[in-house]
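Worksheet for the structure shown next.
Read the figures in this text as sums done on the coordinates, not as results from a lab. The structure presented is a predicted model; accordingly, all values stated were derived computationally and were not measured. Here the Cβ positions follow ideal geometry from the backbone for every residue, glycine too, while neighbour counts run over all protein chains shown.
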C-alpha cells in the first residue's frame, strides 16, 4: 500500500534510514547525559534513548539482509536477545560486554524505561549502555558499508562517555 509520498512502508523503512535514526537517538542520549542540567531524578529517558539506538542498529542490519519491516516486527519485535542472535548469525560482531548489556536490556528493562514500574531492577549502567551503543554504531556501520549502503560515519562519542 502506497502512502501520500507514493512509497510503501517497506520502501520508506530502509537500513540506511534505520541506522541514521539510531545515530540520532545515541547522540541525543550522549548529549543529555553530558549536559550541565540539573541531575535527573530518574535516568529512564537516557536509558530509553540508548535502548532505542541499540534496537535500531540491530534492525538496520536485519533490514540490510533483506528482511522487510513487517518480518522484523513480527519475528523480533523488541526482543533484543533474538535481534542480537540473528545479527550475530549473519556476521555482526559483539564483544562480551555488548552481549551482557543487550541481555540486561531485553524484556522488562526495555519497558521499564518507557513506563513507570516499581521494585527492584537490575540493569546496565549508563556508561555500559553508552559503550554498547557506540560499539554497535561502529559494527553496524562497517556491516552496512560492506553491503554498499552508504551510511554516514558514526558520530564521535566523547571518550568520557565510554568510561
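One table, with the values for the structure above:
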{"item": "Residue list for region 115-139, restricted to those being free of Cβ contacts under 8 Å to residues at least 40 places away in the same chain, surrounded by 18 or more Cβ atoms within 10 Å (Cβ to Cβ) and not in a loop (DSSP other than H, G, I, E, B)", "result": "131"}
{"item": "The lone exception for residue 75 - which of (1) surrounded by fewer than 19 Cβ atoms within 10 Å (Cβ to Cβ); (2) touching a residue at least 24 places away in the same chain (Cβ under 8 Å); (3) under 24 Å from residue 8 (Cβ atoms) it fails", "result": "(2)"}
